[in-house]
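J.: Below is one structure. I have some questions about it.
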Amino acid sequence: MAAQPATPASPVNFKIKSPQVGKPLYGCEHLQRLFNQDQATTNTSISHFKQILRRILDVSPVLKQTAKPVEGPPNEVAVTLTPTYHCLQCPSIVTEEDRAKHGTKKAHRFYVDSRSGALYCQMCDDLVWDSTLEDLRLRKFGTGTFSSNRKRKHDELFASDPMKENAQYISTHTTMGSCKANGLRGIYNAGATCYQNVVLQSFLHNPVLRNYYLSDGHQSGNCPNTPHCLSCAMDDMFQDFYATENTNGYTAANILSGFWISEKKAFENLVTTKEQDAHEFFQFLAEELHERNGDGKKPESGSEHKCNCIIHQTFYGKLQTTTTCMHCQSDTNQVQSFLDLSLPLENLTQKKGKKAKAQSMTLQECLDEEYTKPDKCEYRCHNCQSNQQARRKTSIKRLPNVLSIQMKRFEFKQGRNERAAKIDTPVQFPLQLNMLPYTNRADTREAKENNNELERSCTYDLLSVIVHVGEIDTGHYTAYCRVGDNWFAFNDHKVEVAQISDVLSARAYLLFYIIRSLA
(Lines give C-alpha, C1' and ligand atoms only; values in the text may rest on other atoms or scores of the structure.)
Protein backbone atom coordinates (compact mmCIF):
# COMPACT_ATOMS: atom_id res chain seq x y z
CA MET A 1 0.00 0.00 0.00
CA ALA A 2 1.57 3.30 -1.07
CA ALA A 3 2.73 5.70 1.59
CA GLN A 4 4.18 9.19 1.62
CA PRO A 5 8.03 9.10 1.52
CA ALA A 6 9.81 9.81 4.79
CA THR A 7 11.35 13.26 5.04
CA PRO A 8 14.40 14.55 6.93
CA ALA A 9 12.04 16.83 8.89
CA SER A 10 10.68 13.88 10.88
CA PRO A 11 13.61 11.66 11.96
CA VAL A 12 11.96 10.57 15.23
CA ASN A 13 10.83 6.95 15.35
CA PHE A 14 7.21 6.91 16.52
CA LYS A 15 6.04 4.05 18.68
CA ILE A 16 2.66 2.37 18.59
CA LYS A 17 0.96 2.46 21.98
CA SER A 18 1.43 -0.63 24.13
CA PRO A 19 -1.55 -3.02 24.16
CA GLN A 20 -4.11 -2.49 26.92
CA VAL A 21 -6.57 -5.00 28.32
CA GLY A 22 -9.95 -4.74 26.62
CA LYS A 23 -8.76 -2.32 23.91
CA PRO A 24 -7.65 -3.18 20.36
CA LEU A 25 -4.07 -2.32 19.47
CA TYR A 26 -4.99 -0.98 16.03
CA GLY A 27 -8.04 0.80 14.68
CA CYS A 28 -8.67 -1.92 12.11
CA GLU A 29 -6.86 -4.68 10.27
CA HIS A 30 -6.12 -2.36 7.34
CA LEU A 31 -4.44 0.21 9.57
CA GLN A 32 -2.49 -2.63 11.20
CA ARG A 33 -1.14 -3.60 7.78
CA LEU A 34 -0.07 -0.02 7.11
CA PHE A 35 1.78 0.34 10.43
CA ASN A 36 3.41 -3.09 10.12
CA GLN A 37 5.04 -2.39 6.74
CA ASP A 38 8.16 -0.77 8.20
CA GLN A 39 9.26 1.92 10.66
CA ALA A 40 9.55 4.54 7.91
CA THR A 41 5.88 4.09 6.92
CA THR A 42 4.80 4.33 10.56
CA ASN A 43 6.89 7.50 11.05
CA THR A 44 5.52 9.12 7.92
CA SER A 45 1.89 8.24 8.68
CA ILE A 46 1.92 9.50 12.28
CA SER A 47 3.92 12.62 11.35
CA HIS A 48 1.45 13.44 8.57
CA PHE A 49 -1.50 12.81 10.93
CA LYS A 50 -0.05 15.41 13.32
CA GLN A 51 0.44 17.88 10.47
CA ILE A 52 -3.19 17.45 9.42
CA LEU A 53 -4.43 18.05 12.99
CA ARG A 54 -2.37 21.25 13.20
CA ARG A 55 -3.83 22.39 9.88
CA ILE A 56 -7.50 21.78 10.66
CA LEU A 57 -7.32 23.37 14.12
CA ASP A 58 -6.24 26.70 12.64
CA VAL A 59 -9.65 27.39 11.07
CA SER A 60 -13.17 27.56 12.46
CA PRO A 61 -15.24 24.42 11.69
CA VAL A 62 -18.08 26.66 10.49
CA LEU A 63 -15.99 28.05 7.64
CA LYS A 64 -16.39 26.69 4.14
CA GLN A 65 -14.17 23.74 3.29
CA THR A 66 -12.09 23.65 0.10
CA ALA A 67 -10.77 20.70 -1.87
CA LYS A 68 -9.39 19.94 -5.32
CA PRO A 69 -11.65 17.71 -7.45
CA VAL A 70 -10.10 14.40 -8.51
CA GLU A 71 -11.47 14.86 -12.00
CA GLY A 72 -11.32 18.29 -13.62
CA PRO A 73 -8.89 21.18 -14.29
CA PRO A 74 -5.80 21.07 -12.03
CA ASN A 75 -6.37 24.59 -10.69
CA GLU A 76 -10.07 24.12 -9.96
CA VAL A 77 -11.10 24.34 -6.29
CA ALA A 78 -14.32 22.84 -4.95
CA VAL A 79 -16.09 24.67 -2.13
CA THR A 80 -18.31 22.70 0.25
CA LEU A 81 -20.03 23.30 3.59
CA THR A 82 -19.57 19.67 4.58
CA PRO A 83 -16.33 18.19 5.98
CA THR A 84 -13.47 17.48 3.63
CA TYR A 85 -11.11 14.53 3.98
CA HIS A 86 -7.33 14.86 4.29
CA CYS A 87 -5.54 11.84 2.86
CA LEU A 88 -3.19 10.28 5.40
CA GLN A 89 -0.93 8.92 2.65
CA CYS A 90 -0.47 12.03 0.50
CA PRO A 91 -1.15 15.80 0.69
CA SER A 92 -4.51 15.56 -1.15
CA ILE A 93 -7.71 17.04 0.32
CA VAL A 94 -10.90 15.62 -1.21
CA THR A 95 -14.64 15.87 -0.74
CA GLU A 96 -16.77 12.95 0.40
CA GLU A 97 -17.91 12.41 -3.20
CA ASP A 98 -14.30 12.23 -4.48
CA ARG A 99 -12.96 10.13 -1.63
CA ALA A 100 -13.63 6.77 -3.33
CA LYS A 101 -12.26 8.06 -6.68
CA HIS A 102 -9.03 9.16 -4.99
CA GLY A 103 -8.72 5.79 -3.22
CA THR A 104 -9.16 3.90 -6.47
CA LYS A 105 -6.74 6.11 -8.38
CA LYS A 106 -3.96 6.25 -5.76
CA ALA A 107 -4.64 3.09 -3.71
CA HIS A 108 -4.86 5.30 -0.61
CA ARG A 109 -7.30 4.16 2.03
CA PHE A 110 -7.08 6.45 5.09
CA TYR A 111 -8.47 9.97 5.56
CA VAL A 112 -8.80 12.50 8.38
CA ASP A 113 -12.15 14.28 8.84
CA SER A 114 -11.58 18.07 8.64
CA ARG A 115 -14.11 18.85 11.39
CA SER A 116 -13.37 16.27 14.06
CA GLY A 117 -9.88 14.99 13.22
CA ALA A 118 -11.26 11.44 13.31
CA LEU A 119 -9.70 8.74 11.08
CA TYR A 120 -11.75 7.18 8.28
CA CYS A 121 -10.89 3.84 6.65
CA GLN A 122 -12.11 3.50 3.08
CA MET A 123 -11.99 -0.30 3.19
CA CYS A 124 -14.03 -0.44 6.42
CA ASP A 125 -16.21 2.40 5.10
CA ASP A 126 -16.35 3.78 8.62
CA LEU A 127 -14.54 5.92 11.17
CA VAL A 128 -12.04 3.82 13.11
CA TRP A 129 -10.70 4.26 16.64
CA ASP A 130 -6.96 3.73 16.86
CA SER A 131 -5.41 4.10 20.32
CA THR A 132 -2.17 5.72 19.06
CA LEU A 133 -3.80 8.25 16.73
CA GLU A 134 -6.74 8.92 19.02
CA ASP A 135 -4.36 9.75 21.86
CA LEU A 136 -2.68 12.36 19.65
CA ARG A 137 -6.05 13.76 18.51
CA LEU A 138 -7.37 14.15 22.06
CA ARG A 139 -4.18 15.83 23.25
CA LYS A 140 -4.24 18.32 20.35
CA PHE A 141 -7.94 19.13 20.72
CA GLY A 142 -7.72 19.31 24.52
CA THR A 143 -4.43 21.13 25.20
CA GLY A 144 -3.26 22.38 21.82
CA THR A 145 -0.10 20.29 22.05
CA PHE A 146 0.97 16.71 21.36
CA SER A 147 3.26 16.54 24.40
CA SER A 148 2.22 14.11 27.14
CA ASN A 149 4.68 15.30 29.82
CA ARG A 150 3.90 18.98 29.80
CA LYS A 151 3.57 20.05 33.43
CA ARG A 152 2.47 23.37 34.85
CA LYS A 153 2.68 24.80 38.30
CA HIS A 154 -0.59 25.06 40.18
CA ASP A 155 -0.39 28.87 40.40
CA GLU A 156 0.31 29.17 36.68
CA LEU A 157 -2.56 26.88 35.78
CA PHE A 158 -5.20 28.57 37.93
CA ALA A 159 -3.96 32.16 38.06
CA SER A 160 -6.32 34.75 36.60
CA ASP A 161 -5.21 36.07 33.22
CA PRO A 162 -6.97 39.37 32.30
CA MET A 163 -6.18 38.82 28.61
CA LYS A 164 -7.89 35.43 28.56
CA GLU A 165 -10.98 36.92 30.22
CA ASN A 166 -11.31 39.39 27.36
CA ALA A 167 -14.41 38.68 25.22
CA GLN A 168 -12.54 39.18 21.95
CA TYR A 169 -9.76 36.78 23.03
CA ILE A 170 -12.31 34.14 24.01
CA SER A 171 -14.18 34.51 20.71
CA THR A 172 -10.96 34.26 18.67
CA HIS A 173 -9.66 31.19 20.50
CA THR A 174 -12.91 29.28 20.79
CA THR A 175 -13.78 26.52 18.32
CA MET A 176 -17.06 24.71 17.91
CA GLY A 177 -17.23 21.22 19.38
CA SER A 178 -16.58 18.54 16.78
CA CYS A 179 -19.74 16.64 17.71
CA LYS A 180 -22.00 19.65 17.28
CA ALA A 181 -23.73 20.36 13.97
CA ASN A 182 -23.96 23.96 12.78
CA GLY A 183 -27.52 23.83 11.42
CA LEU A 184 -26.47 24.52 7.81
CA ARG A 185 -29.18 22.61 6.04
CA GLY A 186 -31.76 23.50 3.43
CA ILE A 187 -35.52 22.95 3.51
CA TYR A 188 -37.36 21.40 0.58
CA ASN A 189 -40.02 23.45 -1.17
CA ALA A 190 -43.28 21.53 -0.73
CA GLY A 191 -45.12 23.54 -3.40
CA ALA A 192 -44.82 27.34 -3.15
CA THR A 193 -43.64 27.11 0.48
CA CYS A 194 -40.49 29.22 0.06
CA TYR A 195 -42.14 31.92 2.23
CA GLN A 196 -42.24 29.39 5.09
CA ASN A 197 -38.71 28.10 4.50
CA VAL A 198 -37.06 31.50 4.86
CA VAL A 199 -38.87 32.27 8.13
CA LEU A 200 -38.02 28.84 9.52
CA GLN A 201 -34.35 29.38 8.62
CA SER A 202 -34.37 32.71 10.45
CA PHE A 203 -35.81 30.94 13.52
CA LEU A 204 -33.30 28.06 13.29
CA HIS A 205 -30.35 30.48 13.27
CA ASN A 206 -31.75 32.69 16.02
CA PRO A 207 -29.51 32.02 19.08
CA VAL A 208 -32.30 32.77 21.58
CA LEU A 209 -34.74 30.30 20.04
CA ARG A 210 -32.00 27.75 19.34
CA ASN A 211 -30.83 27.74 22.97
CA TYR A 212 -34.42 27.46 24.19
CA TYR A 213 -35.31 24.41 22.10
CA LEU A 214 -31.95 22.66 22.47
CA SER A 215 -32.10 22.98 26.26
CA ASP A 216 -35.52 21.27 26.51
CA GLY A 217 -37.34 24.58 26.87
CA HIS A 218 -40.32 22.88 25.25
CA GLN A 219 -40.55 19.30 26.46
CA SER A 220 -42.28 17.43 23.66
CA GLY A 221 -42.58 14.26 25.72
CA ASN A 222 -44.63 16.01 28.42
CA CYS A 223 -46.44 18.50 26.20
CA PRO A 224 -50.06 19.00 27.37
CA ASN A 225 -51.13 20.46 24.04
CA THR A 226 -52.79 18.67 21.17
CA PRO A 227 -50.99 15.80 19.38
CA HIS A 228 -50.17 18.16 16.50
CA CYS A 229 -48.49 20.84 18.60
CA LEU A 230 -46.58 23.33 16.43
CA SER A 231 -44.02 23.96 19.18
CA CYS A 232 -43.34 20.20 19.34
CA ALA A 233 -42.78 20.28 15.57
CA MET A 234 -40.34 23.17 16.01
CA ASP A 235 -38.56 21.23 18.75
CA ASP A 236 -38.19 18.24 16.41
CA MET A 237 -36.82 20.51 13.71
CA PHE A 238 -34.18 22.04 15.99
CA GLN A 239 -33.10 18.56 17.12
CA ASP A 240 -32.80 17.37 13.50
CA PHE A 241 -30.76 20.40 12.46
CA TYR A 242 -28.36 20.51 15.40
CA ALA A 243 -28.06 16.95 16.76
CA THR A 244 -26.11 15.54 13.82
CA GLU A 245 -24.59 17.03 10.72
CA ASN A 246 -26.80 16.35 7.73
CA THR A 247 -26.58 18.16 4.42
CA ASN A 248 -29.73 16.63 2.93
CA GLY A 249 -32.73 18.91 2.61
CA TYR A 250 -35.32 18.88 5.41
CA THR A 251 -39.03 18.32 4.79
CA ALA A 252 -41.05 20.51 7.15
CA ALA A 253 -44.07 18.18 7.04
CA ASN A 254 -44.88 18.56 10.74
CA ILE A 255 -44.97 22.35 10.44
CA LEU A 256 -47.32 22.14 7.45
CA SER A 257 -49.60 19.63 9.14
CA GLY A 258 -49.72 21.85 12.25
CA PHE A 259 -51.26 24.63 10.17
CA TRP A 260 -53.40 22.20 8.19
CA ILE A 261 -55.27 20.89 11.22
CA SER A 262 -55.39 24.24 13.00
CA GLU A 263 -58.89 25.43 13.84
CA LYS A 264 -57.90 29.02 13.07
CA LYS A 265 -59.24 30.29 9.78
CA ALA A 266 -56.28 32.65 9.53
CA PHE A 267 -54.05 29.65 8.80
CA GLU A 268 -56.17 28.26 5.96
CA ASN A 269 -54.31 30.24 3.28
CA LEU A 270 -50.98 28.87 4.45
CA VAL A 271 -51.65 25.36 3.21
CA THR A 272 -52.58 26.21 -0.36
CA THR A 273 -50.25 25.83 -3.32
CA LYS A 274 -50.24 29.60 -3.92
CA GLU A 275 -47.43 31.94 -2.91
CA GLN A 276 -48.10 33.62 0.44
CA ASP A 277 -46.56 36.46 2.40
CA ALA A 278 -43.48 35.64 4.53
CA HIS A 279 -44.32 38.44 6.97
CA GLU A 280 -47.80 37.04 7.60
CA PHE A 281 -46.31 33.60 8.14
CA PHE A 282 -43.82 35.04 10.64
CA GLN A 283 -46.68 36.65 12.58
CA PHE A 284 -48.84 33.48 12.49
CA LEU A 285 -45.92 31.28 13.57
CA ALA A 286 -44.96 33.61 16.41
CA GLU A 287 -48.59 33.83 17.58
CA GLU A 288 -49.02 30.06 17.54
CA LEU A 289 -45.73 29.42 19.40
CA HIS A 290 -46.75 32.03 21.97
CA GLU A 291 -50.02 30.25 22.60
CA ARG A 292 -48.25 26.87 22.91
CA ASN A 293 -45.51 28.14 25.24
CA GLY A 294 -47.11 31.14 26.95
CA ASP A 295 -50.34 32.04 28.71
CA GLY A 296 -52.49 30.76 25.84
CA LYS A 297 -54.02 34.18 25.25
CA LYS A 298 -53.95 35.79 21.84
CA PRO A 299 -51.95 39.06 21.91
CA GLU A 300 -54.40 41.93 21.52
CA SER A 301 -53.56 44.48 18.88
CA GLY A 302 -52.93 47.96 20.27
CA SER A 303 -52.62 46.84 23.89
CA GLU A 304 -49.81 46.04 26.29
CA HIS A 305 -49.63 42.24 26.52
CA LYS A 306 -47.56 40.82 29.37
CA CYS A 307 -46.24 37.30 28.94
CA ASN A 308 -42.97 35.58 29.78
CA CYS A 309 -42.99 32.97 26.99
CA ILE A 310 -40.01 32.46 24.71
CA ILE A 311 -41.63 34.40 21.84
CA HIS A 312 -42.24 37.45 24.04
CA GLN A 313 -38.72 37.20 25.46
CA THR A 314 -37.33 37.04 21.94
CA PHE A 315 -39.36 39.32 19.65
CA TYR A 316 -41.73 41.50 21.67
CA GLY A 317 -41.01 45.10 22.62
CA LYS A 318 -43.16 48.06 23.65
CA LEU A 319 -44.16 51.21 21.80
CA GLN A 320 -45.18 54.42 23.53
CA THR A 321 -47.38 56.95 21.77
CA THR A 322 -47.34 60.40 23.39
CA THR A 323 -50.10 62.82 22.42
CA THR A 324 -49.51 66.46 23.48
CA CYS A 325 -52.41 68.90 23.51
CA MET A 326 -51.43 72.10 21.65
CA HIS A 327 -53.76 74.14 23.89
CA CYS A 328 -52.80 73.06 27.43
CA GLN A 329 -49.58 71.15 26.68
CA SER A 330 -50.76 68.12 28.68
CA ASP A 331 -49.47 64.69 27.65
CA THR A 332 -51.33 61.42 27.22
CA ASN A 333 -49.27 58.25 26.95
CA GLN A 334 -50.42 54.95 25.49
CA VAL A 335 -48.24 51.84 25.65
CA GLN A 336 -48.70 48.82 23.41
CA SER A 337 -46.71 45.67 22.67
CA PHE A 338 -45.23 45.04 19.23
CA LEU A 339 -43.93 41.92 17.51
CA ASP A 340 -42.23 43.78 14.66
CA LEU A 341 -41.81 47.25 13.23
CA SER A 342 -43.47 47.86 9.83
CA LEU A 343 -41.84 50.67 7.88
CA PRO A 344 -43.82 52.17 4.95
CA LEU A 345 -41.72 52.88 1.86
CA GLU A 346 -44.27 54.55 -0.39
CA ASN A 347 -44.71 57.79 1.61
CA LEU A 348 -40.98 58.35 1.93
CA THR A 349 -40.50 57.57 -1.75
CA GLN A 350 -43.12 60.18 -2.67
CA LYS A 351 -41.51 62.77 -0.39
CA LYS A 352 -38.15 62.21 -2.06
CA GLY A 353 -39.70 62.68 -5.48
CA LYS A 354 -40.06 60.57 -8.58
CA LYS A 355 -36.31 60.05 -8.90
CA ALA A 356 -36.27 58.27 -5.50
CA LYS A 357 -37.79 55.19 -7.10
CA ALA A 358 -34.50 54.57 -8.86
CA GLN A 359 -32.39 55.79 -5.94
CA SER A 360 -31.90 54.10 -2.61
CA MET A 361 -32.94 55.19 0.84
CA THR A 362 -31.56 54.06 4.17
CA LEU A 363 -33.11 52.06 6.97
CA GLN A 364 -32.34 54.93 9.33
CA GLU A 365 -34.35 57.32 7.14
CA CYS A 366 -37.32 54.97 7.31
CA LEU A 367 -37.02 54.71 11.10
CA ASP A 368 -36.65 58.49 11.42
CA GLU A 369 -39.89 58.97 9.51
CA GLU A 370 -41.82 56.75 11.92
CA TYR A 371 -40.17 57.20 15.31
CA THR A 372 -38.52 60.63 15.51
CA LYS A 373 -40.89 62.95 13.66
CA PRO A 374 -44.21 63.92 15.31
CA ASP A 375 -47.39 64.38 13.31
CA LYS A 376 -50.45 66.53 13.88
CA CYS A 377 -53.83 65.15 14.83
CA GLU A 378 -57.07 66.06 16.54
CA TYR A 379 -58.14 64.36 19.76
CA ARG A 380 -60.33 64.93 22.77
CA CYS A 381 -58.17 66.34 25.55
CA HIS A 382 -59.25 65.09 28.99
CA ASN A 383 -57.74 68.19 30.59
CA CYS A 384 -59.50 70.67 28.31
CA GLN A 385 -62.63 68.52 28.07
CA SER A 386 -62.91 69.34 24.37
CA ASN A 387 -61.49 68.44 20.98
CA GLN A 388 -58.12 70.04 20.43
CA GLN A 389 -55.29 70.06 17.93
CA ALA A 390 -52.47 67.84 19.14
CA ARG A 391 -48.99 66.67 18.36
CA ARG A 392 -48.46 62.88 18.39
CA LYS A 393 -45.15 61.04 18.50
CA THR A 394 -44.47 57.31 18.67
CA SER A 395 -41.22 55.99 20.13
CA ILE A 396 -39.94 52.69 21.46
CA LYS A 397 -40.30 52.27 25.21
CA ARG A 398 -38.68 48.84 25.45
CA LEU A 399 -36.49 47.20 22.82
CA PRO A 400 -36.76 43.44 22.20
CA ASN A 401 -33.86 40.99 22.25
CA VAL A 402 -34.40 40.29 18.55
CA LEU A 403 -35.73 43.21 16.54
CA SER A 404 -37.77 42.25 13.48
CA ILE A 405 -38.36 44.92 10.83
CA GLN A 406 -40.67 44.71 7.83
CA MET A 407 -40.06 46.90 4.81
CA LYS A 408 -43.58 47.38 3.45
CA ARG A 409 -42.87 46.54 -0.17
CA PHE A 410 -46.42 45.39 -0.96
CA GLU A 411 -49.04 48.14 -1.15
CA PHE A 412 -52.69 47.75 -2.12
CA LYS A 413 -54.05 50.48 -4.37
CA GLN A 414 -57.70 51.19 -3.61
CA GLY A 415 -60.12 52.40 -6.19
CA ARG A 416 -62.09 51.07 -9.13
CA ASN A 417 -59.27 48.74 -10.14
CA GLU A 418 -58.04 47.60 -6.75
CA ARG A 419 -54.67 45.93 -7.14
CA ALA A 420 -51.48 45.15 -5.29
CA ALA A 421 -48.17 46.71 -6.28
CA LYS A 422 -44.61 45.98 -5.25
CA ILE A 423 -42.22 48.76 -4.23
CA ASP A 424 -38.77 47.74 -5.41
CA THR A 425 -36.88 50.77 -4.10
CA PRO A 426 -33.50 49.71 -2.65
CA VAL A 427 -33.13 50.28 1.09
CA GLN A 428 -29.62 50.34 2.49
CA PHE A 429 -29.32 48.67 5.89
CA PRO A 430 -26.27 48.34 8.18
CA LEU A 431 -24.60 45.37 9.84
CA GLN A 432 -24.76 47.27 13.15
CA LEU A 433 -27.80 49.32 14.08
CA ASN A 434 -28.06 51.89 16.87
CA MET A 435 -31.69 52.07 18.02
CA LEU A 436 -31.24 54.70 20.77
CA PRO A 437 -32.51 57.63 18.60
CA TYR A 438 -35.87 55.86 18.21
CA THR A 439 -36.49 55.20 21.92
CA ASN A 440 -38.28 57.41 24.44
CA ARG A 441 -34.91 57.88 26.19
CA ALA A 442 -33.28 59.59 23.19
CA ASP A 443 -33.95 63.17 24.38
CA THR A 444 -33.68 62.57 28.11
CA ARG A 445 -31.03 63.91 30.44
CA GLU A 446 -29.77 60.38 30.95
CA ALA A 447 -29.08 60.05 27.22
CA LYS A 448 -27.08 63.27 27.17
CA GLU A 449 -25.00 62.36 30.22
CA ASN A 450 -24.45 58.66 29.48
CA ASN A 451 -24.80 58.60 25.70
CA ASN A 452 -22.05 56.04 25.03
CA GLU A 453 -23.34 53.60 27.63
CA LEU A 454 -26.93 53.91 26.41
CA GLU A 455 -25.83 53.46 22.79
CA ARG A 456 -24.07 50.21 23.67
CA SER A 457 -27.21 48.89 25.34
CA CYS A 458 -29.24 49.75 22.21
CA THR A 459 -26.81 48.41 19.59
CA TYR A 460 -27.96 45.53 17.39
CA ASP A 461 -26.12 43.22 14.99
CA LEU A 462 -27.70 41.95 11.78
CA LEU A 463 -28.81 38.32 12.12
CA SER A 464 -31.01 37.41 9.13
CA VAL A 465 -32.33 38.98 5.94
CA ILE A 466 -35.37 37.75 4.01
CA VAL A 467 -35.60 38.82 0.37
CA HIS A 468 -38.48 38.70 -2.11
CA VAL A 469 -37.46 38.61 -5.77
CA GLY A 470 -39.74 38.81 -8.80
CA GLU A 471 -43.32 39.92 -9.18
CA ILE A 472 -45.82 40.16 -6.37
CA ASP A 473 -47.81 37.05 -7.38
CA THR A 474 -45.08 34.91 -8.92
CA GLY A 475 -42.02 35.84 -6.92
CA HIS A 476 -39.69 33.79 -4.77
CA TYR A 477 -38.26 34.14 -1.24
CA THR A 478 -34.63 33.59 -0.25
CA ALA A 479 -32.79 34.28 2.99
CA TYR A 480 -29.36 35.20 4.33
CA CYS A 481 -28.46 34.04 7.84
CA ARG A 482 -25.36 34.64 9.92
CA VAL A 483 -23.73 31.60 11.52
CA GLY A 484 -20.88 32.69 13.78
CA ASP A 485 -19.00 35.32 11.77
CA ASN A 486 -19.99 33.88 8.40
CA TRP A 487 -22.98 34.47 6.14
CA PHE A 488 -24.89 31.83 4.19
CA ALA A 489 -27.56 32.07 1.49
CA PHE A 490 -30.61 29.79 1.84
CA ASN A 491 -32.66 29.08 -1.28
CA ASP A 492 -35.07 26.30 -0.29
CA HIS A 493 -32.90 23.14 -0.07
CA LYS A 494 -29.77 24.88 -1.42
CA VAL A 495 -27.26 26.41 1.00
CA GLU A 496 -24.29 28.44 -0.22
CA VAL A 497 -21.60 30.61 1.31
CA ALA A 498 -22.48 34.32 0.95
CA GLN A 499 -20.31 37.41 0.95
CA ILE A 500 -21.21 40.38 3.15
CA SER A 501 -21.50 42.47 -0.02
CA ASP A 502 -24.22 40.07 -1.26
CA VAL A 503 -26.13 40.47 1.99
CA LEU A 504 -25.93 44.26 2.15
CA SER A 505 -26.90 44.70 -1.52
CA ALA A 506 -30.05 42.57 -1.16
CA ARG A 507 -33.45 44.26 -1.40
CA ALA A 508 -34.63 43.23 2.04
CA TYR A 509 -38.24 42.54 2.89
CA LEU A 510 -37.68 41.38 6.48
CA LEU A 511 -34.69 42.18 8.68
CA PHE A 512 -33.81 40.51 11.97
CA TYR A 513 -31.33 42.19 14.33
CA ILE A 514 -30.12 40.75 17.64
CA ILE A 515 -29.10 42.86 20.62
CA ARG A 516 -25.30 42.88 20.76
CA SER A 517 -25.10 41.54 24.32
CA LEU A 518 -26.69 38.27 23.05
CA ALA A 519 -24.99 38.07 19.66
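The values are calculated or read from the model by the stated rules, or taken from the named source; none is laboratory data. Just so we're clear, the structure is a prediction, and the values are computed from it rather than from any experiment. Using ideal geometry, Cβ is built from the backbone for each residue, glycine included, and neighbour counts are taken over all protein chains shown. Keep in mind that these areas ignore ligands, DNA and RNA; they rest on the heavy atoms of the full protein, side chains included. Shrake-Rupley method; radii C 1.70, N 1.55, O 1.52, S 1.80 Å.
J.: Calculated FRET efficiency, residue 97 and residue 347, Cβ-Cβ r, R0 56 Å, to nearest 0.05?
T.: 0.60
J.: Mind ordering 502-512, 33-43 by average Cβ neighbours within 10 Å, highest first?
T.: Ranked by mean Cβ neighbours within 10 Å, highest first: 502-512, 33-43.
J.: Step through the residues of the stretch 388-395 one at a time and calculate ³J(HN,Hα) from phi using the Karplus curve (6.51 cos²θ - 1.76 cosθ + 1.60, θ = phi - 60°), rounding each to whole Hz and writing x for Gly and Pro.
T.: Rounded to whole hertz, the list is 9, 6, 9, 10, 10, 9, 10, 9.
J.: Which whole-Hz ³J(HN,Hα) couplings does the stretch 131-136 yield from phi under the Karplus relation 6.51 cos²θ - 1.76 cosθ + 1.60, θ = phi - 60°, glycine and proline marked x?
T.: Listing the rounded values in order: 4, 5, 6, 5, 4, 5 Hz.
J.: Using a Förster distance of 30 Å, how high is the FRET efficiency between residue 364 and residue 228, based on the Cβ-Cβ distance and rounded to 0.05? Can you show the working numbers first?
T.: Working: r = 43 Å, r/R0 = 1.43.
FRET efficiency, residue 364 to residue 228: 0.10.
J.: Okay, next question. Quick check: pseudo-label points 7 Å beyond the Cα along Cα→Cβ at residue 280 and residue 36, how many nm apart are they?
T.: It is 7.0 nm.
J.: Measuring with a 1.4 Å probe in the full set of protein chains, what accessible area per residue, in whole Å², belongs to the stretch 416-517?
T.: So the stretch 416-517 comes to 51 Å² accessible per residue, rounded to a whole number.
J.: Taking the highest mean first, how do the peptides 283-294, 123-134, 46-57 order by number of other beta carbon atoms within 10 angstrom per residue?
T.: Final packing ranking: 283-294, 46-57, 123-134.
J.: Take each of the peptides 396-404, 88-96, average the number of other beta-carbon atoms within 10 Å over its residues, and list them starting from the highest.
T.: 396-404, 88-96
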